[in-house]
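Peer 1: Input: one structure, supplied below.
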Amino acid sequence: MLFVPGNNPGMVRDAHIYGSDSIMFDLEDSVSVNEKDAARFLVYNALMSLRYGKKELIVRINDLSSGLGVMDLEAIVRAKPNAIRLPKTETAQDIIDCEREIERIEREAGIEVGSTKMVAAIESALGVLNAYSIATASKRLVAVALGAEDYVTDLKTTRSDGTELFFARCMILNAARAAGIDAIDTVYSDVNNEEGFIAEATLIKKLGFDGKSVINPRQIPPLHEVFMPSEKDLEKAQAIVQALEEAKKRGSGVASLNGKMIDRPVALRAQHMIELAAAGSFVPVEEV
Amino acid sequence: MRIITTGVAGTMESSDIIVTVEPRAEEGVELTLSSSVMQQFGRQIEHVIRETLKELGVTAAAVTAVDKGALDCTVRARVSAAALRAAKSAEYTWGTKQ
Amino acid sequence: MDLQKIPHYNEIPALNGEFTGAAQKHKETFRERMYEKNKVVPSVEEAVRLTGLKNGMTVSFHHHFRNGDYIVNMVMDVLANMGFKNLTLAASSLTDIHAPLIEHIKNGVITHIETSGLRGKLAEEISRGLMDFPVIFRSHGGRAAAIESGALHIDVAFLGAPSCDPYGNANGYNRDEENVSCCGSLGYAKLDALHADKCVIITDHLVPFPNAPFGIPESNVDYIVKVDSVGDPKGIMSGATRFTKNPKELLIAKTAADIIEASGYFYDGFSMQMGSGGASLATARFLREKMLKNGIKARFALGGITGQIVEMHEEGLVQKILDVQSFDLIAANSLKNNRFHQQIDASYYASYLNRGAAVDQLDFVVLSALEVDTDFNVNVLTGSDGVIRGAIGGHPDTAAGASFSIVVAPLTRGRIPSIVRRVNTIVTPGDTVDVLVTDQGVAVNPRRPEIAEKLRAAGMPIFTIEQLRERGERIVGMPDPIEYDEQIVGVVMFRDNTVIDLIKKVKHV
């Protein structure tokens, strides 16, 4: 997930070329208080007219308590991104409140109700403890994400080797898995430290995260490298997919490989692995 | 929409346009445009600025725009933001994407 | 044999006593002689007088000092003061710092210019129709060939050198003391020195004979002038070749390296050249990783040489370097210190007329472009507004010489599309360009189906160049065409010195 400052026209324009799976246009932390309106206009107009191919488009709005959040929703929901990312989620009620606004706007604008998905960013101790109730607060939720910068401040610590985030990561990951949605890790802000970035990416992959937020396109290739399946895993995945296709050709609903039946999660994982591998080797360029 | 003060939006960075909207006594939009791509896109940028102001209902304004290669959607965004700031208004009718 | 049968045998003086026909023999020490009987003259003005320069003649300069060059302006000021008119200025290239030439053109001191490129105010004025006679633009190889064939006859060459001894052995660096005006290779100057009727070296470091190994030998040099400074080190090493952090350039560079790896031209013992520009220079970085991973070495790297190539040379990944122009201080110092970093002249580099040019031994070259059209023609000379703002350099020479030429460009620059229906100025013809790499897709010239096949086999998505053009235009819109006057301000020569395109005067600038 590539973070793009919402008030930077050059970056908003080129966000899709770097091979990230999703793009998050930011109206929150990267936009100064005086430019909130300008960024809202910019992201709205970009979503209305630019083409981003098959990228998943997400907009991080300001939190609702600031008053800016609802203004953001009024504009952004109508420009139909795939999802709205709500920052500073602390309770299930935050999600419910946000969903109510989204649904109202969807109805007013004649957009199919429920089509705007949500991502909840958890950035505080309270939010971490409420992770499961947050993750299950709305059917619109497709992922929970950790926002570590605010979280470590809340914990009265700072970012270091990841020890400080261990509990939060496990909580959020477990909550996401229990709710059946994705878990996305926080950003790594030292763009010039590729080694540190790779270490952190390796850690969160081991934990089981589905992806990581990146603040610079340069972080995308190393991240894909870390998430790239091994050659052996890839061969196995290709064999599974092939077996499934053959079964489909035979008209059989059940496929098996080496005498073992392939169930749905195995099939899905294999498919995902092949897509990952394809995405990792070259920067994918899509028809847009 | 009535322009009552000076509103500015945008930056001098590449791919952006900085738009200043000021009150004007007479009717009509007086536009001063300079652009790094004046010859190739000057006409188009002017068209987008005037269209955007028309949609906002701005009929009297002095507009100065310094363009650094902004796309049409950026021009629209900056003109809208500057005009609303100059009108001290937050009222805007957001269209829905088709 | 009867020696008496040799005619006039009896008159040979040496056979009848002491030979007295030889010139006066030296008696002083070599050191005394060096400081008294040498080619050093007190001023540029004196050197000009001695060369016998006349109105209407051709003077030549090199561009190894890039945007830090003091020589062109210094010499032209002297020539103007001496009252010269109607001169042809033949520089290997000209840049922003040469804006003062505008006055000399207006005053009739310079009536014709030959160069590889023009930038800044001078370029703008010429685009507006400053000169009656159009500027002749040649590639580095084309200029070398024109000098060799006599098509470009140099009457007097004024060549700046960071070090020179009293007899004219000149270098782009200094072995005897540290100096700031170091520029590395004197590749373009070497050829001018060899072919000019008279050659003046202007240096800020007069060092003891012999200044060896030398870039320019004393046998090509007539006069030497010592000045305080030949150039501004900041402009000489302008930092234009720093490793880019621009993500878009890195993306293009990575793709270019992937393409090279898949193309069949990446094998143990390959040869390469990286043109100037962030993305093409960065390609070397990504190639380096692939070379280390696959245990592959390059036999040689050619061209404008940068620190990145030197690093690869010093870690054993590039065996030899052929250097016609050193782009940064690391490259200049390497030329001075590394045994297998060889200085070459412009003809050796790229002339089509000599008995073998280095560009013909290239496997691949990575080149930048301002504009590429759907016939793969490349423009590196005029901007999208039709104004001259670039240099041909070795672009057409290397594209033609290399077995595999890769052109890199962002799909759009700001609002300007790089892929167009027809380039403003054809510098490199499309039939010498094999692949175009942008940040949003790759196109292979239909003349190279086997390359397309290899890239496809490697899983690389390929587009037609039409698709890339459409994609760019969809993002930025259709630009209005530029309006030109009929006056021709520039004539662009291909490397064989036939006219490939004309540059017309722009209407509004």
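The values are calculated or read from the model by the stated rules, or taken from the named source; none is laboratory data. Here the structure is a predicted model, which is why all the values come from computation and not from measurement. Heads up, the Cβs are rebuilt from the backbone with ideal geometry, glycines too, and the neighbour counts pull from every protein chain shown. Heavy atoms of the whole protein, side chains included, go into the accessibility calculation; ligands, DNA and RNA do not. Shrake-Rupley method; radii C 1.70, N 1.55, O 1.52, S 1.80 Å.
Peer 1: Assuming C:Thr428 fulfils every condition listed in (1) touching a strand residue (DSSP E or B) at 6+ places or on another chain (Cβ under 6 Å); (2) at the interface with another protein chain (Cβ under 10 Å from one of its Cβ atoms) apart from one, which condition is it?
Peer 2: Here C:Thr428 meets the rest and fails (2).
Peer 1: Right, something else. Quick check on A:Arg60: is it in contact (Cβ under 8 Å) with a residue 60 or more places away in the chain and under 28 Å from A:Phe166 (Cα atoms)? Break it down into steps so the answer makes sense when it comes.
Peer 2: Values: in contact (Cβ under 8 Å) with a residue 60 or more places away in the chain: yes; under 28 Å from A:Phe166 (Cα atoms): yes.
Here the answer is yes, as A:Arg60 does meet what is asked.
Peer 1: Of everything in the range C:154-189, what is open to solvent by 10 Å² or more (accessible area, probe 1.4 Å) and touching a strand residue (DSSP E or B) at 6+ places or on another chain (Cβ under 6 Å)? Give them in sequence order.
Peer 2: Within the range C:154-189, just C:Asp155 meets the criteria.
Peer 1: Also, I was wondering about something else. Check the range B:20-30 and report whether any residue there is crowded, with 21+ Cβ neighbours inside 10 Å and either within 13 Å of another protein chain (Cβ to nearest Cβ) or within 18 Å of B:Arg2 (Cβ to Cβ) (or both).
Peer 2: Within the range B:20-30 (the criterion being crowded, with 21+ Cβ neighbours inside 10 Å and either within 13 Å of another protein chain (Cβ to nearest Cβ) or within 18 Å of B:Arg2 (Cβ to Cβ) (or both)), the answer is yes, since at least one residue qualifies.
Peer 1: Let me ask you something else. Among A:Val119, A:Val152, which is the only one that is without any contact (Cβ under 8 Å) to a residue 24 or more places away in the chain, open to solvent by less than 30 Å² (accessible area, probe 1.4 Å) and either more than 14 Å from chain B (Cβ to nearest Cβ) or assigned to a helix (DSSP H, G or I) (or both)? Full working, then the answer.
Peer 2: Numbers: A:Val119 fails: without any contact (Cβ under 8 Å) to a residue 24 or more places away in the chain.
After ruling out the rest, the residue left standing is A:Val152.
Peer 1: In the range B:60-83, how many are away from chain C (no Cβ under 14 Å), aliphatic (A, V, I, L, M) and assigned to a helix (DSSP H, G or I)?
Peer 2: Counting residues in the range B:60-83 that are away from chain C (no Cβ under 14 Å), aliphatic (A, V, I, L, M) and assigned to a helix (DSSP H, G or I) gives 5.
Peer 1: Residue check, B:Ser14 against (1) of a type outside the set (Val, Ile, Thr); (2) away from chain C (no Cβ under 14 Å); (3) within 29 Å of A:Asp72 (Cβ to Cβ); (4) loosely packed, with under 15 Cβ neighbours inside 10 Å, all met but one. Which one?
Peer 2: Here B:Ser14 meets the rest and fails (2).
Peer 1: Then there is this: Of the numbered conditions (1) open to solvent by less than 80 Å² (accessible area, probe 1.4 Å); (2) more than 26 Å from the chain's Cα centre (by Cα); (3) farther than 19 Å from C:Asn169 by Cα; (4) basic (Lys, Arg), C:Lys39 satisfies every one except a single condition; which is it?
Peer 2: Failed condition: (3).
Peer 1: If you take just the helices (runs of 4 or more DSSP H) that sit entirely in the range A:160-272, which of them hold at least 1 residues that are open to solvent by 40 Å² or more (accessible area, probe 1.4 Å), of a type in the set (Gly, Ala, Ser) and closer than 30 Å to A:Leu126 by Cα?
Peer 2: Filter on the range A:160-272 gives A:166-179, A:194-207.
Peer 1: Okay, next question. Pick from the range C:379-408 the residues that are under 18 Å from C:Leu436 (Cα atoms) and more than 18 Å from the chain's Cα centre (by Cα): which of them is farthest from the other protein chains (Cβ to nearest Cβ)?
Peer 2: C:Ser403
Peer 1: So which residues in the range C:265-289 are in a helix (DSSP H, G or I) and open to solvent by less than 30 Å² (accessible area, probe 1.4 Å), if there are any at all?
Peer 2: If the condition is that a residue be in a helix (DSSP H, G or I) and open to solvent by less than 30 Å² (accessible area, probe 1.4 Å), then C:Gly278, C:Ala279, C:Ser280, C:Leu281, C:Ala282, C:Thr283, C:Ala284, C:Leu287 are the ones that fit.
Peer 1: I want to confirm something. Restricting to the range A:70-107 and keeping residues that are assigned to a loop (DSSP other than H, G, I, E, B) and within 14 Å of another protein chain (Cβ to nearest Cβ), which single residue is most open to solvent (accessible area, probe 1.4 Å)?
Peer 2: A:Lys80
Peer 1: Being of a type in the set (D, E, K, R), in a loop (DSSP other than H, G, I, E, B) and buried (at least 16 other Cβ atoms within 10 Å of the Cβ) is the filter here, so list the residues in the range C:100-135 that pass it.
Peer 2: Correct list: C:Arg119, C:Arg128.
Peer 1: For the range B:39-59, which positions are open to solvent by 40 Å² or more (accessible area, probe 1.4 Å), touching a strand residue (DSSP E or B) at 6+ places or on another chain (Cβ under 8 Å) and either under 25 Å from A:Val31 (Cα atoms) or in a helix (DSSP H, G or I) (or both)?
Peer 2: B:Glu46, B:Arg50
Peer 1: In the range B:84-98, what count of residues is obtained for those that are closer than 19 Å to A:Arg78 by Cβ and either basic (Lys, Arg) or assigned to a helix (DSSP H, G or I) (or both)?
Peer 2: 2
Peer 1: Is there a residue in the range C:500-508 that is open to solvent by 70 Å² or more (accessible area, probe 1.4 Å), within 14 Å of chain B (Cβ to nearest Cβ), in a loop (DSSP other than H, G, I, E, B) and closer than 24 Å to B:Val75 by Cβ?
Peer 2: Yes: one or more hits.
Peer 1: Looking only at the range C:457-482, count how many residues are away from chain B (no Cβ under 12 Å) and either surrounded by fewer than 19 Cβ atoms within 10 Å (Cβ to Cβ) or in a loop (DSSP other than H, G, I, E, B) (or both).
Peer 2: 10
Peer 1: Scan the range C:254-264 and give yes if some residue there is open to solvent by 30 Å² or more (accessible area, probe 1.4 Å), within 14 Å of another protein chain (Cβ to nearest Cβ) and assigned to a loop (DSSP other than H, G, I, E, B), otherwise no.
Peer 2: So far as the range C:254-264 goes, no, none of its residues is open to solvent by 30 Å² or more (accessible area, probe 1.4 Å), within 14 Å of another protein chain (Cβ to nearest Cβ) and assigned to a loop (DSSP other than H, G, I, E, B).
Peer 1: Right, something else. Quick check, is C:Asp485 over 21 Å from the mean Cα position of the chain (by Cα), outside any loop (DSSP other than H, G, I, E, B), surrounded by fewer than 17 Cβ atoms within 10 Å (Cβ to Cβ) and not assigned by TED's automatic domain parsing to the domain that holds C:Asn354?
Peer 2: yes
Peer 1: If you don't mind, there's one more thing I want to ask. If C:Glu314 satisfies every condition in (1) out of contact with any Leu (no Cβ under 7 Å at 6 or more places or on another chain); (2) under 30 Å from C:Arg175 (Cα atoms); (3) buried (at least 17 other Cβ atoms within 10 Å of the Cβ) but one, which is the exception?
Peer 2: In the conditions (1) out of contact with any Leu (no Cβ under 7 Å at 6 or more places or on another chain); (2) under 30 Å from C:Arg175 (Cα atoms); (3) buried (at least 17 other Cβ atoms within 10 Å of the Cβ), C:Glu314 misses (3) alone.
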